[in-house]
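The values are calculated or read from the model by the stated rules, or taken from the named source; none is laboratory data. Remember, it's a predicted structure, so these values are computed and weren't measured experimentally. Because the Cβ atoms are built from the backbone with ideal geometry, glycine has one as well, and the counts that use them run over all protein chains shown.
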Amino acid sequence: MRGKRLAVIVAVIALVSGASTADAIVGGTPARVADTPWVVAITTTDGQLICGGALVAPDKVVTAAHCATIKGVVGRNQRPAEQLRVVAGRTDLRATGEGIEAAVANVWRHPEYKDVTKGDDVAVLTLARSLPYRTIALGEVGEDGVVLGWGRTAESSPPAMTLRKVTVPILPDAECVAKEPDYRPGAMLCAGRGGRDACAGDSGGPLVVRGRLAGVVSFGRGCARADEPGVYTRLAHYRSTLGF
Ligand code: 4AZ
């Protein structure tokens, strides 16, 4: 009797805290960079995973502004380019012999970026060299998209460190506004109805719709919770600002 009651309490706590038993991104499957050669990881110079990104030109990576930001005592500052590396062609980030690590020559953050919840969470890294991998073009949203990353497979799990992907439904703006008070229609998109989502470490990474880059992983409340869709920067909104 007592054991059963405890089991119920544990189950309720797990549900309320948003914990998920789904397979890992959250609810996804393993992916290989050979199939999506434009997906890249952004790391520190000593190889720590910061974020994901997407190669949009041989020497340009689109990612989230918050991935190129350091929270200091005074405020949030741009992370110096010298502290960043872009890792391409490496499915398992621990396989340091695979793919290419490129230095970053320049960081451009959206000039209006303040905080993920205010939007404009987009940045472009210019690499010190061109990479010999296929690039991805910007595109529009659709009914669903595929999000890729090396990040956490559940809210409290460590990053997978191997590339994963998951298909998520893209929600109507009205539903995003209702579920996320900070949602900015037109400049953001939201996706996911629970069970499948991006999570910490996937930030900056690509949301792909019909083979094109439609969104950048930006923020969310927890990961894969039923009523907390993931929020993405809607790239079509920034096309003229980005210039490609
Ligand atoms: C993060 O912390 C984060 N579920 C990224 C995406 C989402 C949640 C958190 C979306 O970087």
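So which of 197, 227, 182, 173 ends up being over 23 Å from residue 34 (Cβ atoms) and in contact with a Pro (Cβ under 6 Å, 6 or more places away or on another chain)?
Result of the check over 197, 227, 182, 173: 173.
Can you say whether residue 225 is among the basic types (Lys, Arg) and at negative phi, as far as the supplied structure shows?
Taking the combined requirement at face value, the residue satisfies it.
To keep it simple, each residue is scored yes or no on (1) touching a Phe, Trp or Tyr at 6+ places or on another chain (Cβ under 6 Å); (2) modelled with pLDDT of 95 or more; (3) within 27 Å of residue 228 (Cβ to Cβ).
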{"site": "3", "(1), (2), (3)": "no, no, no"}
{"site": "11", "(1), (2), (3)": "no, no, yes"}
{"site": "16", "(1), (2), (3)": "no, no, yes"}
{"site": "24", "(1), (2), (3)": "no, no, yes"}
{"site": "33", "(1), (2), (3)": "no, yes, no"}
{"site": "57", "(1), (2), (3)": "no, yes, no"}
{"site": "73", "(1), (2), (3)": "no, no, no"}
{"site": "77", "(1), (2), (3)": "no, no, no"}
